[in-house]
Amino acid sequence: MIKQPINILAIGRNGEIMQVMQRLINVPDKRTGRAVTTDEEAIAACREETFDLVMLCAGIDESAEAGIRQQLAQINPNAVVIRHYGGGSGLLENEIMMAMAGRQA
Amino acid sequence: MSTYITHKADTRGKADHGWLTSFQSFSFAGYYNPDRINFGALRVLNDDIVAGGKGFGIHPHDNMEIISIPLSGALEHRDNLGNTKVVGEGEVQVMSTGTGVFHSEYNHNAEEEARFLQIWVFPKELNITPQYDQVTLDQAKMNNRFLPIIAPAPNKEGTSIHQDAWFNLGVFDAGRQETYTVNEPGHGVYAFVIDGSFTIDGHRLDQRDALAIEGAASVNIIAESDKARLLLIEVPMQP
């Protein structure tokens with residue numbers, strides 16, 4: 001049984017897409033979350049609250065991903081970190097379900 | 001050793017939104033089947049029917065190669081890259097969404113429904129500059145043989161995506177036999193029957209059935225009906 005609401009942090013560089021993500025990851029009684037565009041905002045958010053899932057969106061390169069993962073390992077070690085594909089698309093629900101079920105495509 | 005998994009048409013996911021009916025070969029949106037997530041780099045194959053005058057409003061995508069193959073009717077495409085196009089039967093549209101694209105796709109016809117395949121492939125490289133392409137296919141080159149509508153660049157017969165993928169489309173007469181040779185060792189082939197019936201490596205497939213093939217160096221295809229139309233999607237199995 002997956003606990004709800006799931007608290008999600010989405011990090012990506014495309015501000016317009018992250019606005020859409022902000023809307024999509026917040027579903028009453030099911031999910032809460034924040035969408036940010038900088039690593040600094042992401043780390044600050046992780047210091048303020050505990051996230052179940054961190055979604056790395058477009059624009060996050062391997063170097064940024066490594067940095068975020070390193071910081072998260074210290075601040076929020078239980079968060080599941082995954083890549084999000086598609087920009088708030090039809091894959092979002094699937095990705096969240098898979099991540100929370102402990103599996104990934 | 002080759003492995004085969006048949007995806008019968010009636011085992012696909014289905015979403016009915018009134019204006020859109022979508023049959024989903026892989027998990028998508030509200031359809032979640034842990035045994036049908038992806039086939040290698042192939043992540044989405046939606047068989048969509050859009051009501052006249054309706055469509056997908058402006059919405060974003062990123063880091064995905066999105067291929068649309070109209071089967072009947074036409075879609076009106078607009079995006080924030082500056083493209084305004086109509087893509088219809090006999091054409092293929094490709095969006096490499098990379099760092100992000102906003103687009104809309106509406107049925108170009110106010111009355112008639114439009115049918116198209118919406119296919120998503122994981123990109124080989126993340127965060128590329130978004131691109132749009134649209135090509136008209138030479139129908140004569142699809143008669144009783146496969147036309148590589150998508151292949152690594154340069155592809156003079158079609159177009160390309162940012163992945164080592166080949167999409168082949170052919171329309172065959174009953175009894176016609178073809179052998180498809182896999183381009184890269186280790187790639188898988190997803191055979192999707194658009195129209196008619198085929199026997200592929202001994203597996204009988206009817207309209208909208210699919211066969212997921214792994215580990216084969218070549219695939220033997222026999223058309224079992226006239227005007228049988230088959231889409232072969234060859235992709236890396238490690239996305």
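Some points to look at:
- Shape of region A:18-58, Cα gyration tensor, a/c cut at 1.5: oblate
- FRET efficiency, B:K227 to B:T181 (Cβ-Cβ, R0 22 Å, nearest 0.05): 0.35
- For A:D29, A:D61, the sequence from fewest to most other C-beta atoms within 10 Å is A:D29, A:D61.
- The alpha-carbon atoms of chain B define a convex hull whose volume equals 117 cubic angstrom per residue.
- Equivalent ellipsoid of region B:1-128: semi-axes from √(5λ) of the C-alpha gyration tensor, largest first, are 24, 20, 13 Å.
- Averaged over A:57-70, number of beta-carbon atoms from partner chains that fall within 10 Å: 2
- Relative contact order for chain A, counting Cα pairs under 8 Å that sit 6 or more residues apart, in percent: 28
- Rounded FRET efficiency, nearest 0.05, which uses the C-beta distance separating B:T11 from B:S218 and R0 of 25 Å: 0.40
- Contact order for chain B, expressed relative to its length and based on alpha carbon pairs under 8 Å spaced 6+ residues apart, stands at 20 percent.
- Charging the Cβ of each Asp and Glu at -1 and of each Lys and Arg at +1, and nothing else, the dipole of chain B about its Cα centre rounds to 140 debye.
- Global form of region B:119-190, assessed from the alpha-carbon gyration tensor, a/c cut-off 1.5: oblate
- B:H203-A:D61 pseudo-label distance in nm [points 7 Å out on the Cα-to-Cβ vector]: 4.1
- Think of each Lys and Arg Cβ as +1 and each Asp and Glu Cβ as -1; about the Cα centre, that makes the dipole of chain A roughly 300 debye.
- Globularity ratio of the protein assembly as shown, using Cα Rg and 2.2 N^0.38 Å: 1.02
- Remark: C-alpha extents of chain A on the principal axes read 31, 28, 26 Å, sorted largest to smallest.
- GluC sites (Glu not before Pro) restricted to DSSP loop in region B:71-168 with at most 12 other C-beta within 10 Å: B:E111, B:E125
- For region B:139-235: rounded, prolate or oblate by the Cα gyration tensor [a/c cutoff 1.5]: oblate
- Taking every C-alpha pair closer than 8 Å and separated by at least 6 residues, the mean separation divided by the residue count of region B:12-135 gives a relative contact order of 30 percent.
- Using a cut-off of 25 Å between Cα atoms, the listed pairs A:K30/B:K124; B:K124/B:K156; B:K54/B:K227; B:K54/B:K85 include A:K30/B:K124; B:K54/B:K227 as exceeding that distance.
- Peptide B:38-51 - average C-beta neighbours from other chains (10 Å radius): 1
- Set of region A:64-89 residues, backbone N closer than 19 Å to the point 7 Å along the Cα-Cβ line of A:K30: A:84-89
- Here's the list of aspartates and glutamates a cross-link from A:K3 could span, going by alpha-carbon distance under 12 Å and ignoring same-chain residues fewer than 8 apart: A:D29, A:D52.
Laboratory data are not the source of any read-out in this text; all were calculated from the coordinates shown. Since this is a predicted model, take the numbers as computed values, not measurements. Cβ sites come from the backbone with ideal geometry, for glycine too, and all protein chains shown count toward neighbours.
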